[in-house]
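A quick write-up on the structure given underneath.
Read-outs throughout are calculated quantities, based only on the coordinates presented, and are distinct from any laboratory measurement. What you see is a predicted model, and the numbers here were worked out from it, not measured in a lab. Neighbour counts are summed over all protein chains in view; Cβ atoms, including those assigned to glycine, are modelled from backbone coordinates with ideal geometry.
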Amino acid sequence: MPVSRGPCYAPDMYRPLDLYDYDALLNDEERAVRDTVRRFVTDRILPDIARHWRDGTFPMDTVPEMAELGLFGANIKGYGCAGMDNIAYGLVMRELERGDSGVRSFASVQGALVMHPIHAFGSDAQKDRWLPAMARGEAIGCFGLTEPDKGSNPGGMKTTARFDGANGYVLHGAKMWITNATLAHVALVWARVKGGPDDGNIRGFLVERGTKGFETKETHNKWSLRASITGEIVLDECRIPASAVLPGATSLRAAFSCLNGARYGICWGAVGAMQAVFDEVLEYVKTRVQFSGPLAKHQIVQLKLAEMATEITKAQALVLRLGQLKEAGRIEPHMISLAKRNNVGQALAMARVGRDMLGANGILLDYQTGRHLCNLETVNTYEGTHDIHALILGNELTGIAAFD
Ligand code: TGC
Ligand code: FAD
């Protein structure tokens, strides 16, 4: 059964807020990317996303189009990737998350968490095997770092890779909360090596579906990020060849460095979610009449709108500057933590207020704000929780790591 569509789903209704004319800072290529992805989201994602969210499915039919638009590994050069600059890449993430956090997640995992590590740490054979196919959307990847008992502290992981000389490695353990686990043709699994020259090191392994001892199971009953597939990876004495290890990823540092790119995309994506919420709420309060006029004429309502507009404008400044720093090769993890924590935290708070401003209508899937609100609970948790990013900033400021 389709979900009926409220006003926010009408084509060409979207009026993103840009009080400081940040658009003037974009170049022609960046504007073209923004417009193309915005149109794709309006035409292809929004019409059916509420039904997917309700049914707990991902719109797989849009994957070939996303690939055609160059949205997978969009900032990678070569191998059939679009080779966009990092601001254009951020705009892709922003526009996708205006549609749904699950759609942005799909592109984030594919590009930043699987294609990027293969590009940065992989052998030539691994790059040739996977990058063009992943750019075309014909191969899907997932990133297995988190375990049932090790989320914020992946350094304590229990999954092992037993070294077996010329025969390769034997993986054993479990990964949980893995986006696209059951869809993936290849899983990048992080495991601690036992034996051999790398004994004790954490390394990344490319495990192809179909390998004996590799299984995935979908996680059900989520009330957040429902239009995204989440699952477990079970590795039961899973034997893989030595050619499946990423040669350049020799420690936990490599795994964390992949998170930087994905977190950068989330900083931008959160702005898209904020814009979606604000756009819907502004339209609603201008047209919904209570007492002697539209809700928008009341001072409390205007105060809420003013606060939302202020936070969107601040968040936009953060991501644009972050993009410049990334382009200049000067971005550092704590800078990303500041923006991820702020933008997602503010988006979540804004969606909560926005849902309230929509009254009872706000609990219907016909309106998008409640869907974004639920999604943002996940975005606040994955890729480093809100509090872990405070601790990363605290570490930078004081020189004292407070994680333990
Ligand atoms: P620590 O001792 O601090 O670091 C170990 C080594 O890693 C280096 N490092 C980084 N390098 C590059 N970029 C970063 N962001 C880095 N963070 C740390 C560090 O310099 C060190 O290097 P070396 O050479 O000295 O050994 O590690 P720790 O174990 O104390 O952990 C610190 C902490 C808490 C910051 C880290 O564990 C952390 O970030 N935890 C959060 C875990 C997390 O974010 N998991 C994400 C899983 S993937 C996911 O959620 C995908 S969602 C996908 C989607 O659908 O969009
Ligand atoms: P915990 O680490 O147990 O944290 C619970 C609470 O304790 C949080 O509030 C946290 O901030 C707090 N806390 C933890 N440590 C400290 C501390 N030292 N000081 C103070 N407070 C602390 N992972 C992947 O590897 N790949 C994926 O593709 C992926 N996709 C995901 C998709 C979804 C839908 C979700 C929900 C998660 C996904 N994750 C993925 C996992 C995600 O990265 C973890 O959930 C996240 O890192 C937090 O780990 P945890 O859930 O074990 O929480």
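Between 0 and 90 degrees, the angle of helix 369-381 with respect to the longest Cα principal axis of the chain falls at about 30 degrees.
Other residues whose C-beta falls under 14 angstrom from the C-beta of V353 contribute a net charge of -1, scoring Lys and Arg +1 and Asp and Glu -1.
Restricting the calculation to Cα atoms, the range 282-372 shows an Rg/Rh of 1.11 when the hydrodynamic-style radius is the Kirkwood one.
Given a cut-off of 21 Å, name the pairs among K150/K326; K150/K175; K194/K217; K150/K194; K77/K326; K77/K127 whose C-alpha atoms lie farther apart than that in the structure shown. If you can, show how the numbers build up before the last one.
Numbers: K150/K326 30 Å; K150/K175 9 Å; K194/K217 26 Å; K150/K194 19 Å; K77/K326 15 Å; K77/K127 12 Å.
Result: K150/K326; K194/K217 exceed 21 Å.
GNM remark for the chain: springs join alpha carbons under 10 Å apart, and the peak mean-square fluctuation among F72, F278, F121 falls on F121.
Is the shape of the range 11-135 rounded, prolate or oblate, going by the alpha carbon gyration tensor and its root eigenvalues a ≥ b ≥ c, with a/c under 1.5 for rounded and a/b larger than b/c for prolate? Oblate is the answer for the range 11-135, as a/c is 1.5 or above yet b/c matches or exceeds a/b. Summing Cβ point charges (Lys, Arg +1; Asp, Glu -1) relative to the Cα centre of the range 197-251 gives a dipole of roughly 260 debye.
Listed from fewest to most Cβ neighbours within 10 Å, the set V109, V186, V103 follows the order V186, V109, V103.
Compute the orientation-averaged projected area for the chain from the convex hull of its Cα atoms and round it to one decimal in nm².
Details: hull surface 80.4 nm².
Taking the Cα atoms of the chain, their convex hull projects to 20.1 nm² on average.
Comparing S251, S101, S337 in a Gaussian network model of the chain (Cα springs below 10 Å), the most mobile by mean-square fluctuation is S251. Seen against the Cα atoms of the chain and their longest principal axis, helix 124-135 is set at about 20 degrees. Here the sum of -39500 (n - 2.57) over DSSP H runs of 4 or more residues, divided by the residues of the chain, equals -15000 deg cm²/dmol at 222 nm, to the nearest 500.
Which whole-angstrom value gives the distance between the alpha carbon centres of the range 280-359 and the range 368-404? Rounded to whole Å, the Cα centres lie 18 Å apart. Between the Cα long axis of helix 299-327 and the first principal axis of the chain there is an angle of about 40°, rounded to the nearest 10. Rounded to the nearest 0.05, the FRET efficiency derived from the C-beta distance between E29 and K314 at R0 = 22 Å is 0.30. With each label modelled as a point 7 angstrom along the Cα→C-beta vector, the D387-D18 pair spans 3.9 nm. For the range 143-278, the relative contact order comes to 25 percent (Cα pairs under 8 Å, sequence separation of at least 6). Over the range 141-250, the ratio between the Cα radius of gyration and 2.2 N^0.38 Å evaluates to 1.03. Computed over the chain with a Gaussian network model linking Cα atoms closer than 10 Å, the most mobile of V319, V37, V271 is V37. By the rule of a C-alpha distance below 20 Å, with chain neighbours fewer than 8 residues away ignored, the lysines paired with K286 are K297, K304. With each label modelled as a point 7 angstrom along the Cα→C-beta vector, the A242-K297 pair spans 7.9 nm. What separates the Cα centres of the range 184-205 and the range 127-144 is a distance of 19 Å. Ranking of Y382, Y22 by neighbouring Cβ atoms within 10 Å, starting from the fewest: Y22, Y382. If you model the range 245-335 as an ellipsoid using its alpha carbon gyration tensor, with each semi-axis the square root of five times an eigenvalue, the axes come out at 42, 13, 9 Å, biggest first.
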